[in-house]
């Protein structure tokens, strides 16, 4: 496990945002280079806490001293730029540890693709940390570090730093970026957007997964464009950020900006992630032009229905979560906002659905503003803290677990933990366990898939209603995400009857060859065949018209299939 990062709790404020040192614009990026050392953090080149995948026999090897014409064996390593043009589907490019001093963008061209069952992979050699350092680049929109325009690639265990623009730019589809660090780049650390202006809307990047990754201290000279993570301007559907950490970037932690010139983007999912200290570099430097939000969710009055759930925004320089002129119907659930300089939650218009969100302060501050469908499961801040805020006192700390899930602590107490089976870390509800959905079937997903998923295919159960019983009327929605040999599934059960449910068990049968390895927001037993998922203490109630969500990770052999029949306390549920 990587060492915990500990961020001291702020002293009670006096009602105004704290003053921090400001830098001249031309010195922002240069000052970022000393940020980690100045802050005493171990975040620039963290060790990979999960063992890298076993060495692939279909492999090429790259080292800092490799040459383009070399064969790419362990004894004759090649360069990364050469290897990406030579690796075949299902193959892995292993980067040996050390610093790669590069001046030219490494480009994976459009059409250089793996397949859904045989990805191309760039991976840290097991136990080693490769660092791609682009300090030789000048600040320019054409000087990216790693440009991924192909599809079905998997990046694992890399650090990309000091690029003249984005550290990693993703313009392809169905890619997975895992255990990656982007730092000290001169635009957003990792950005998903179209590859060039000629790309049609139908070809905008889609179905990319960024998981268990970190982005920090990215800063441009103007101080207004460098976010930690961005999926903005020209983004297709199905892009997901999960178990990620964005901190101390000069602009926003996450930026989902849209503009009228290019129109709406596809809905983005950000879940089980942490955003803190944005707008201020690790060394305390700021710029006057940055927006400084934790999660910025729109732009220019364009409606996009993003999903933002189970995230934590802490001590950001403006708002924690902001609609930023997105009047859409977003799902905002299970999130926690703490000590934003302005509002923790700022949603001035739209029809978004808010469930089980929590807002806390150690002193005075601006009241939250929420326009949309917000029920009593939320605990917004309007001058005083609610009961749930006692879980969020003390210093913030975080680390990635061995399975890639994100553990966040306050005062040493884990606020993202959950129940597990088979001894595997799981569960990522962000401390809102005392709140349950009391509204519509949108409900709240208070846990999502664990962090070793390397695929993004999704589906929904299409089974038929079956059986009879005397229990409550219900519907069940089953949404899987699969990759070769493994999958996660999120299940949402809605009470469509006339009586509240107090204590629930959802029954279903896993197809042959499937085994549950971990679960969240429910206890599942046995691990295969006909299984029962039973509520945990904090989510036992399902009010009339309300929902509860739980999920699990599993393995499978043969062809993946999904359950087709679900019961709630013995009564069959409609599926959909």
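How many nm is it between the label spots at residue 203 and residue 289, if each spot is 7 Å from the Cα in line with the beta carbon?
Modelled inter-label distance: 3.1 nm.
Which order results if 209, 158 are arranged by neighbouring Cβ count within 10 Å, fewest first?
The most exposed by this proxy come first: 209, 158.
Dividing the Cα radius of gyration by the Kirkwood radius, what Rg/Rh value follows for region 110-215?
Rg divided by Rh gives 0.96.
Once the piece of chain linking residue 260 and residue 86 is laid out straight, how much longer is it, given 0.36 nm per residue of separation minus the C-alpha distance between them?
Extra length from residue 260 to residue 86 when fully extended: 58.6 nm.
Which three lengths, in whole Å and largest first, does region 459-575 cover when its Cα atoms are put on their principal axes?
Ordered largest first, region 459-575 gives principal extents of 42, 29, 22 Å.
Just report the Cα centroid separation between region 116-147 and region 499-571, whole Å.
Answer, in whole Å: 39.
Separation between the residue 555 and residue 525 pseudo-spin-labels, each 7 Å from Cα along Cα→Cβ, expressed in nm?
Taking the simple label geometry, residue 555 and residue 525 are separated by 2.2 nm.
Could you list 333, 282 in order of exposure, starting from the residue whose Cβ has the fewest other Cβ atoms within 10 Å?
The fewest-first ordering by Cβ neighbours comes to 282, 333.
Once the piece of chain linking residue 71 and residue 387 is laid out straight, how much longer is it, given 0.36 nm per residue of separation minus the C-alpha distance between them?
Gain on extension, residue 71 to residue 387, equals 107.5 nm.
Put a dot 7 Å past each Cα toward the Cβ at residue 57 and residue 141; how far apart are the dots in nm?
About 4.8 nm separates the two model spin labels.
Normalised by the residues of region 459-575, what does the relative contact order come to in percent, with Cα pairs under 8 Å and at least six apart?
Once divided by the residue count of region 459-575, the mean separation gives 40 percent.
With r defined as the distance between the Cβ atoms of residue 569 and residue 237 and R0 fixed at 45 Å, what FRET efficiency is calculated, to the nearest 0.05?
Numbers: r = 36 Å, r/R0 = 0.79.
Efficiency at R0 = 45 Å is approximately 0.80.
Please report, in whole Å, how far the alpha carbons of region 287-407 spread along each principal axis, starting with the longest.
37, 36, 36
Only the coordinates and a few stated rules stand behind these numbers; no lab work does. Since we're looking at a predicted model, the values are computed, not measured. In this analysis, Cβ positions are derived from the backbone assuming ideal geometry, glycine residues included, and neighbour counts consider all displayed protein chains.
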